[in-house]
Amino acid sequence: MAYIYKGLNGRKITEVIARNEGVQADLERRTFEIAARADAELVRHRQDGHAEIDIESGDIDFYVILSDERGQMAALSIEYGRAGYIDPQTGEEYGEMEGLFILHHASRLPKDSRPKIKVPRLRRKRGRR
């Protein structure tokens, strides 16, 4: 007979597993590996040296962060790219940039790893408009 435990000392079993010493050590090791790959990739593309890879730890999880202290959302542009600006007077395009996907590649996520979210369509009530 199998028993399903809802928790241990008031905690969920998933939290107990996540806080396990071996799990935390492996998570820290993997986080360091991802950060090292991301840093190497960033060095290949770095031009002015403002962006950097940081590691932060939370209560249970570890995070690899692409940080850019300029405050212009440059880290977001480095990772995902940005659309260009078209000058209305001359028609010239400036500032377009393809994303480098540094964190995505460093973490070795599958190419299409975005969550599949389906937004339900609103239905009109039949009758008068």
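Readers should treat all values here as calculations from the given coordinates under stated rules, not as data from a laboratory. Worth saying up front: this structure is predicted, and the values here are computed from it rather than measured. Using ideal geometry, Cβ is built from the backbone for each residue, glycine included, and neighbour counts are taken over all protein chains shown.
For the reader, a short list of remarks on this structure follows.
- FRET efficiency, 1/(1 + (r/R0)^6) with R0 35 Å, evaluated for GLU69 and THR14 via beta carbons: 0.50
- Counting neighbouring beta carbons within 10 Å and listing from fewest to most, the residues ILE17, ILE78, ILE55 come out as ILE17, ILE55, ILE78.
- Gyration tensor over alpha-carbon atoms, the stretch 13-106, equivalent ellipsoid semi-axes in Å: 36, 13, 10
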